[in-house]
1. Among A:Ala80, A:Ala96, A:Ala92, which is the only one that is part of a loop (DSSP other than H, G, I, E, B), of a type outside the set (D, E, K, R) and closer than 21 Å to B:Ile48 by Cα?
2. Which of the residues spanning the range B:64-82 are surrounded by 12 or more Cβ atoms within 10 Å (Cβ to Cβ) and among the charged types (D, E, K, R)?
3. Name the residues in the range B:9-36 that are under 17 Å from B:Asn54 (Cα atoms), more than 14 Å from every other protein chain (Cβ to nearest Cβ) and touching a Leu at 6+ places or on another chain (Cβ under 6 Å), would you?
4. Under 7 Å between Cβ atoms, which residue pairs at least 6 apart in sequence (or on different chains) link something in the range B:60-76 that is free of Cβ contacts under 8 Å to residues at least 40 places away in the same chain with a partner that is open to solvent by less than 10 Å² (accessible area, probe 1.4 Å) and of a type in the set (Ser, Thr, Tyr)?
5. Does B:Glu11 satisfy the condition of being assigned to a loop (DSSP other than H, G, I, E, B) and over 16 Å from B:Phe103 (Cα atoms)?
6. Quick check: is even one residue across the range A:4-14 among the β-branched types (Val, Ile, Thr), exposed (fewer than 12 other Cβ atoms within 10 Å of the Cβ) and under 18 Å from B:Pro44 (Cα atoms)?
Amino acid sequence: DAGVTQSPTHLIKTRGQQVTLRCSPKSGHDTVSWYQQALGQGPQFIFQYYEEEERQRGNFPDRFSGHQFPNYSSELNVNALLLGDSALYLCASSLAGLPGPTDTQYFGPGTRLTVL
Amino acid sequence: DAKTTQPNSMESNEEEPVHLPCNHSTISGTDYIHWYRQLPSQGPEYVIHGLTSNVNNRMASLAIAEDRKSSTLILHRATLRDAAVYYCILRVRGGTSYGKLTFGQGTILTVHP
């Protein structure tokens, strides 16, 4: 079992550009969540996808968008990059047709995005 | 969301027990208490969760106060590999908060050889 995989590992962009990050969930998982982790901070929830739809969203602007594919993999897109978007972007997967507070989320290693 | 309060940092010696506290005085009756940890240069990983009773698994034990306003994660014999940031998280059942994890600052655990 490969676990949650993310690509790329590192990425450098300039202000105003757009970026796409990719995530493959743990085998058998159907739900993908994305988190942003600034240096020295805990991860912050961006949004969650289930059945190819955004099910829940955190306090992030519309510049952050996502997609889930039929094979449950997911993409995170960020438009009009700002310096403050520099962070570690984490993907987490879970098995949760009806998620309850007991479901466990499995995290990938993250993508380190640097915006210059 | 109900909030949690954890010490910024703690230190331990290898092979000694570690007790990591978490206060959650505004916890509601159906909130579960989850612990995740984040090793250096890795994503967070699940450690343990509980509702009312103490819980044990291969990684740790979770002791929950009778009034549920606090809990303690117990590592019975710390190893160097346990050096990580430990997050105490409340998971809300129902409403619009299901699914997401709300991380705080966590506790940085340093383990000395």
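1. Details: A:Ala80 fails: closer than 21 Å to B:Ile48 by Cα; A:Ala92 fails: part of a loop (DSSP other than H, G, I, E, B).
Going through A:Ala80, A:Ala96, A:Ala92 in turn, just one is part of a loop (DSSP other than H, G, I, E, B), of a type outside the set (D, E, K, R) and closer than 21 Å to B:Ile48 by Cα: A:Ala96.
2. B:Arg68, B:Lys69, B:Asp82
3. Scanning the range B:9-36 gives B:Val18, B:Leu20.
4. From the range B:60-76, the pairs are B:Leu62/B:Ser71; B:Ala63/B:Ser71; B:Ile64/B:Ser71; B:Ala65/B:Ser71.
5. On the way: assigned to a loop (DSSP other than H, G, I, E, B): no; over 16 Å from B:Phe103 (Cα atoms): yes.
Criteria not met by B:Glu11.
6. Within the range A:4-14, one or more residues are among the β-branched types (Val, Ile, Thr), exposed (fewer than 12 other Cβ atoms within 10 Å of the Cβ) and under 18 Å from B:Pro44 (Cα atoms).
Residue-by-condition table, conditions (1) within 14 Å of the chain's Cα centre (by Cα); (2) more than 10 Å from chain B (Cβ to nearest Cβ); (3) farther than 24 Å from B:Trp35 by Cβ:
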position	(1), (2), (3)
A:Gly16	no, yes, yes
A:Glu54	yes, yes, yes
A:Phe69	yes, yes, yes
A:Tyr72	yes, yes, yes
A:Leu76	yes, yes, yes
A:Ser93	yes, yes, no
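The rows are residues; the columns are (1) touching a residue at least 24 places away in the same chain (Cβ under 8 Å); (2) exposed (fewer than 14 other Cβ atoms within 10 Å of the Cβ); (3) touching a His at 6+ places or on another chain (Cβ under 7 Å).
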| residue | (1), (2), (3) |
| --- | --- |
| A:Phe47 | no, no, no |
| A:Tyr50 | yes, no, no |
| A:Asn59 | no, yes, no |
| A:Leu82 | yes, yes, no |
| A:Leu90 | yes, no, no |
| A:Gln105 | yes, no, no |
| A:Pro109 | yes, no, no |
| A:Leu113 | yes, no, no |
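The values are calculated or read from the model by the stated rules, or taken from the named source; none is laboratory data. Bear in mind the structure is a predicted one, so any value in this text is a computation, not a measurement. Heads up, the Cβs are rebuilt from the backbone with ideal geometry, glycines too, and the neighbour counts pull from every protein chain shown. All accessible areas refer to the heavy atoms of the entire protein, side chains included, with ligands and DNA or RNA removed. Shrake-Rupley method; radii C 1.70, N 1.55, O 1.52, S 1.80 Å.
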